[in-house]
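The values are calculated or read from the model by the stated rules, or taken from the named source; none is laboratory data. These numbers were taken from a predicted model, which means no experiment stands behind them. Here the Cβ is made from the backbone with ideal geometry for all residues, glycine too, and neighbour counts use every protein chain on show. Only protein heavy atoms, including side chains, enter the accessible area calculation; ligands, DNA and RNA are left aside. Shrake-Rupley method; radii C 1.70, N 1.55, O 1.52, S 1.80 Å.
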Amino acid sequence: MENETVRPADEFATQLTAFIVADVAPNEGEINGDTDLLLTGLVDSLGVVMISDWIENELSIVIDPVDVVLENFQTVDSMVTYARSRGALTES
Amino acid sequence: MLSDLLDLSRNEITASAPAVSDGTDTLTYAAFVEAVGRLTSALIELDVAPGDRVGVHLQKGVASFVAVHAVLRSGAVMVPIDPFAPPEHASSVLSDAGVEVLITDARQHVFDQLVESVTLRAAVVRSSINALPGAASSIAIVDWDALASRAVADPVVIDADSPAYIIYTSGSTGQPKGIVHSHRSALAYARLAAAAYELRADDRLANIASLHFDQSTFELYAAPYVGCSVTVVPDAILRFPANVSELVEREQVTVWYSVPYVLRQLTGRGALDTRDLTSIRWVLYGGESYPPDELADLMTALPGASVSNIYGPAEVNQCTRFDLTEPPAPDAPIPIGRAWAETEIVMVDEAGNETPSGPGELLVSTSTMMDRYWNRPDLTAASIIDRKFPSRSRTRWYRTGDLAEANDDGDLVFLGRVDNQVKIRGQRVELEALDLTLRQVDGVIEAAMVADLIDGDLSLVAVVETDRGAVVTLRDVQRAVAARHPRAAVPIDLVVVASLVQTATGKIDRNAVLSQARRASSG
């Protein structure tokens with residue numbers, strides 16, 4: 001069955017970055033794909049919940065708690081990698 | 001002195017035993033004392049003298065523990081600063097405490113903002129801070145990584161009544177308020193906590209609280225008191241309950257102390273069905289109330305652990321404890337319990353008369369009481385009173401501003417605050433100070449911050465009246481608050497009303513405004 005929410009990876013990355021800048025870390029300026037969002041304190045624990053909820057809604061997937069870990073959420077790039085591993089993204 | 005805790009010749013300390021770990025680095029007591037002594041030597045060379053205030057502005061980790069003990073070893077007064085606080089807030093704390101020497105891992109732009117508004121003369125930096133702007137170029141910079149080549153300095157001997165650290169909370173006007181604890185009170189806390197929770201050298205305490213939050217005094221001082229180890233849960237890990245549970249399992253943590261929020265995240269999203277957390281023998285929580293049904297979930301998830309509710313404002317550290325022997329009933333509040341050792345508590349009514357079973361304001365007298373508020377004799381005089389109660393032996397009392405009553409079992413039950421203070425995820429927030437910030441947002445005429453239970457969490461909601469035609473968004477309000485206050489103070493919702501309800505005397509009627517906000521949200 002084709003998942004109608006599957007979208008190109010680069011489009012998803014752009015939307016995710018825009019969401020983080022607008023809603024999660026509004027005072028923090030520019031964010032790149034490899035900006036460390038966690039070690040620098042850009043995103044706090046509520047921010048992580050906001051981001052994982054947003055990804056679940058946007059991609060119509062359920063993220064298992066064991067996948068909500070530092071390794072998958074450290075940067076926008078790592079979130080894209082995770083989403084791709086879930087089959088929720090196509091290559092542009 | 002607290003530096004005596006790290007005397008390797010004490011019987012409690014085994015030099016080769018682990019002292020502190022953050023999941024990546026581990027230091028034995030010997031290595032920990034060496035690292036502490038090296039940083040102390042750098043501080044002394046920077047002319048840090050007993051009584052000087054030294055700021056510790058670091059994310060949690062092995063280094064933050066080293067920094068705290070190095071400042072104490074130098075005889076200086078440790079001032080912890082939230083590394084995630086907006087620079088404006090950090091600056092006001094640094095200025096109020098008169099901090100001239102700072103230990104920091106701040107990013108460049110944060111550091112630049114700090115040195116613009118605070119007169120620092122030296123900084124020990126754990127990050128790559130580049131050339132300093134203008135006037136700040138005279139600041140002496142010591143690179144943390146260059147400390148390894150230094151000699152280990154002996155502790156500077158000072159009196160036990162000297163100040164050890166100053167913990168800041170926000171005051172009612174938004175002005176920071178510094179709580180000064182002496183070496184004597186901190187050592188008393190270490191001793192009482194070690195006895196109360198039966199700490200042993202083979203324990204491993206999880207450090208969840210940041211340094212600027214007084215819960216961290218448990219791991220900072222009670223652990224070396226008995227020679228056990230601490231696993232610091234780094235801030236980045238703390239955002240991921242599944243990482244936290246993995247770290248706790250891997251490090252075999254035995255005693256946990258945090259606010260309920262972190263534990264609720266752990267049971268809700270910590271993937272506990274895939275982890276073995278049976279090493280935990282005692283869970284302490286405090287700072288806010290725990291929803292009883294969720295506490296029952298925690299006790300089911302950790303059947304082998306004792307669970308205790310801890311109460312105590314930062315001014316007195318801990319002062320009561322309630323041990324849960326079975327999962328709580330879903331509808332009754334969980335008591336804060338009874339006074340722990342070396343502590344007396346009385347309740348007084350509005351007229352100041354003792355009321356044995358309440359409700360009344362809690363007055364606390366204890367060996368772990370603060371010395372004073374920093375540079376605020378007015379506040380100190382209003383908060384610490386000398387009084388003889390026939391039923392009690394102690395005479396120096398801290399007025400908590402907290403209301404309580406005794407239940408049928410004689411346990412104290414927390415009822416709320418006398419003033420407009422609330423706790424969000426364990427952090428004190430003064431609603432009146434936030435009202436002032438809200439009123440400064442463009443387009444806002446009148447405003448009140450209210451606290452409401454939303455999805456089980458006490459959360460802040462900004463309620464505002466706007467200028468005709470003005471559009472004020474949640475984002476505008478969040479930005480304004482985030483620029484001046486800790487993160488916990490940022491509201492999660494905004495309600496615009498035609499007119500805020502006022503009392504007969506023209507003050508904002510906060511309870512009525514809360515009802516207004518609820519009606520507006522549900523409608």
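Figures for the structure shown
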| quantity | calculated |
| --- | --- |
| Range of Cα positions in chain A per principal axis (Å), largest first | 41, 27, 19 |
| Total charge dipole magnitude, the stretch B:422-522, about the Cα centre, Cβ charges on Lys, Arg, Asp, Glu only, Debye to nearest 20 | 220 debye |
| With at most 11 other Cβ atoms within 10 Å, longest stretch of chain B clear of loop trypsin sites (Lys or Arg not before Pro) (DSSP) | B:1-387 |
| Radius of gyration, Dmax [the protein assembly as shown; alpha carbons; angstrom] | 24.4, 79 |
| Of all DSSP beta bridges in chain B, antiparallel share, percent nearest 5 | 60 percent |
| Lys, Arg +1 and Asp, Glu -1 on Cβ, resulting dipole of the protein assembly as shown about Cα centre, debye, nearest 20 | 1440 debye |
| Listing of the stretch A:30-75 residues, each with accessible area lower by at least 50 Å² in the full protein assembly than in the chain alone (probe 1.4 Å) | A:Thr40, A:Asp44, A:Ser45, A:Leu46, A:Pro65, A:Val66, A:Leu70 |
| Heavy-atom accessible surface of chain B: percent carbon and sulfur, 1.4 Å | 48 percent |
| Spatially proximal aspartates and glutamates relative to B:Lys60 (Cα-Cα < 15 Å; intrachain offsets below 8 disregarded) | A:Asp44, B:Asp22, B:Asp25, B:Asp82, B:Asp105, B:Asp214, B:Glu219, B:Asp235 |
| Length-normalised contact order of chain B in % [C-alpha pairs under 8 Å, at least 6 apart] | 11 percent |
| Shielding by partners, peptide B:242-248 (average Cβ within 10 angstrom, other chains) | 3 |
| Accessible area per residue, Å², chain B with all protein chains present, probe 1.4 Å | 40 Å² |
| Inter-chain Cβ neighbour average for residues B:264-274, partner chain, 10 Å | 3 |
| Relative contact order (%) - criterion: Cα under 8 Å, at least six apart; region: the stretch B:65-147 | 23 percent |
| Peptide-level mean, for B:231-241, of C-beta atoms on other protein chains within 10 Å | 5 |
| Kyte-Doolittle at least -0.5, axis length at least 27 Å by Cα - qualifying DSSP helices, chain B | none |
| Extreme residue, positive dipole direction of the stretch B:391-458, given options B:Gly401, B:Ile445, B:Val422 (C-beta unit charges) | B:Gly401 |
| Helix-only CD estimate at 222 nm, as mean residue ellipticity for chain B, using -39500 (n - 2.57) per DSSP H run (n ≥ 4) | -8000 deg cm²/dmol |
| nm² value of the averaged projected area, convex hull over the Cα atoms of the stretch B:2-181 | 10.8 nm² |
| Solvent-accessible ranking of B:Ser459, B:Ser149, largest area first, probe 1.4 Å | B:Ser149, B:Ser459 |
| Peptide ranges B:491-500, B:326-335, A:70-79 listed from the most packed, as the mean C-beta count within 10 angstrom indicates | A:70-79, B:491-500, B:326-335 |
| Delta accessible area of at least 40 Å² on complex formation, residues of the stretch B:444-480, 1.4 Å probe, chain isolated as reference | B:Arg475, B:Arg479 |
| Relative contact order computed over the stretch B:125-261 (Cα-Cα under 8 Å; 6+ residues apart), in percent | 18 percent |
| Carbon plus sulfur fraction of accessible area for the stretch A:7-90, probe 1.4 Å, in percent | 52 percent |
| In the B-A interface, the accessible area buried, summed over both sides, Å² (probe 1.4 Å) | 2100 Å² |
